[in-house]
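Just below is one structure, and these are the notes that go with it.
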């Protein structure tokens, strides 16, 4: 059986973070029940198309999925477990924010085969949490993390963010010090990006956001790579670090350019040589589902040329890079056949390193990764 990943989008939040440009919104809890009903119907509609597939990973993201009441979450979990074939080694993740999880919902998740918890912390200092628009304190995070361990979660990711307004290097070092003391299986560490249509973007446009210099941002990142390596974490993707064999299976589906289906508002999919995405308009989504009309509003066919290019630049996000034999098995030739000049030029610039098995970014190449990725895009 072929394998595939599933993504399920829950757009509800208690409060929209100041940096967030995801398809999410706050103070609309009254819509949760009708949304979950529609989501259930959308998932059901894929039963026939996925009957020859085995589900290798499921990721419930948002938004803040952990604010959804158990009785509402039950609707989609019942359908998932009854309609699809699950891999024996299924990785089933759910995103959560401290302050929205408790003994009841953690116990419920674990008893329904949700075996990986992803917790959004972002910073250790309460001042930064407040300035980011987070709803929780450091103490609430600690309490929730320890509770998850007590309940039985053995695979926990913590999301962190550096390059924050007014953030000092010492504060980032303190964040990593305390988080590694907790010994989570996985750490995602991202540099803050100022996205349009966010509160931070408005402040940035007015010159009211005091961001670290690019040099300090890169120092924070390089410190992260060295510090986490010294504490037993493999740097397996540009922004992700994991204990042995705890790399996120679901995210590897994206980076290996494998198939996945996204359910819910604004969700994206890659299936049967097509990329497509759902509407981000709640009213349209609910109306279409009620009329048994697809909520998809965008679709494009992926040519062989597109697939090759996407496999290259997505694969280079992984620290092991492109496995040459796997690439050859997929396309019938090695990357050197069509990218020999690009690869050679980046090697000379010290951005790529190649050996008999892999093509990968160097440390310098990681910092300039966007320049590398662009070179592999189709003309």
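In percent, what relative contact order does the chain have, based on Cα pairs under 8 Å that are 6 or more apart in sequence? Show your work: numbers first, answer last.
Details: 648 pairs, mean separation 56.4, N = 379.
Computed over the chain, the figure is 15 percent.
Out of 109, 201, 260, any idea which swings most in a Gaussian network model of the chain, alpha carbons joined below 10 Å?
Looking only at 109, 201, 260, the biggest GNM fluctuation is shown by 201.
Along the Cα→Cβ direction, 7 angstrom out, place labels at residue 336 and residue 170. What is the inter-label distance in nm?
Taking the simple label geometry, residue 336 and residue 170 are separated by 5.2 nm.
Which ordering of 68, 372, 79 is given by a fewest-first count of other beta-carbon atoms within 10 Å? Display every interim value, and only then the final one.
Details: 68 25, 372 21, 79 18.
Placing the least packed residue first, the sequence is 79, 372, 68.
Diagonalise the Cα gyration tensor of the stretch 109-238 and give the resulting equivalent ellipsoid semi-axes, square root of 5 times each eigenvalue, largest first, whole Å. Don't skip to the end; give the middle numbers.
On the way: eigenvalues 143, 66, 34 Å².
Largest first, the stretch 109-238 gives 27, 18, 13 Å.
Test of understanding: in a Gaussian network model of the chain with alpha carbons linked when under 10 Å, which of 364, 337, 246 would top the mean-square fluctuation ranking?
337
Counting pairs of alpha carbon atoms under 8 Å apart in space and at least six apart in sequence, what relative contact order in percent does the stretch 40-102 give?
Details: 60 pairs, mean separation 33.2, N = 63.
Result for the stretch 40-102 is 53 percent.
Give the residues of the stretch 287-311 whose amide nitrogen is closer than 11 Å to a point set 7 Å from the Cα of residue 47 in the direction of its Cβ.
none
For the stretch 2-255, just list the percent of Cα-Cα distances falling in each 10 Å bin from zero outward, please.
Taking every Cα pair in the stretch 2-255, the percentages come to 7, 29, 36, 21, 7, 0.
Quick one: compute the contact order of the stretch 255-379, relative version, from alpha carbon pairs under 8 angstrom and 6+ residues apart, as a percent.
Numbers: 170 pairs, mean separation 25.3, N = 125.
Once divided by the residue count of the stretch 255-379, the mean separation gives 20 percent.
Quote to one decimal, in nm, the extra length available between residue 104 and residue 204 on full extension: 0.36 nm per residue of separation minus the C-alpha distance between them. Numbers along the way, then the final one.
Details: separation 100, 0.36 × 100 = 36.00 nm, distance 4.04 nm.
Here the segment from residue 104 to residue 204 would lengthen by 32.0 nm.
Let's test the formula: R0 of 22 Å, r as the Cβ-Cβ distance of residue 190 and residue 219. What FRET efficiency results, to the nearest 0.05? It would help to have the intermediate numbers written out before the result.
Details: r = 16 Å, r/R0 = 0.71.
About 0.90, to the nearest 0.05.
Take the Cβ-Cβ distance between residue 90 and residue 70 as r, set R0 to 22 Å, and report the resulting FRET efficiency rounded to the nearest 0.05.
Numbers: r = 21 Å, r/R0 = 0.93.
The computed FRET efficiency comes out at 0.60.
What whole number of Å gives the distance from the Cα centroid of the stretch 225-253 to the Cα centroid of the stretch 18-81?
Each part reduced to its Cα centre gives a spacing of 27 Å.
Run the simple label-point estimate for residue 3 and residue 83 please: 7 Å along Cα→C-beta, distance reported in nm.
Taking the two extended label points, one gets 2.3 nm.
If you restrict to DSSP beta bridges whose two residues both lie in the chain, what percentage is antiparallel, to the nearest 5? Mind dumping the intermediate values first?
Details: 22 of 58 bridges.
Bridges in the chain are about 40 percent antiparallel.
Taking every pair of alpha-carbon atoms in the stretch 1-97, what share in percent sits in each 10 Å bin, from 0 to the bin with the longest distance?
In order of increasing distance, the bins hold 15, 46, 29, 9, 0 percent.
Regarding the stretch 218-327, what are the three Cα extents along the principal axes, ordered largest first, in Å?
55, 31, 27
Give me 239, 344 ranked fewest to most by other Cβ atoms within 10 Å of their Cβ, as a rough exposure proxy. Before the final figure, lay out the partial values.
Numbers: 239 18, 344 13.
Ranked by crowding around the Cβ, least crowded first: 344, 239.
Taken together, the values in this text are just the output of simple stated rules run on the coordinates, not laboratory data. These figures come from a predicted structure and were not determined experimentally. Using ideal geometry, Cβ is built from the backbone for each residue, glycine included, and neighbour counts are taken over all protein chains shown.
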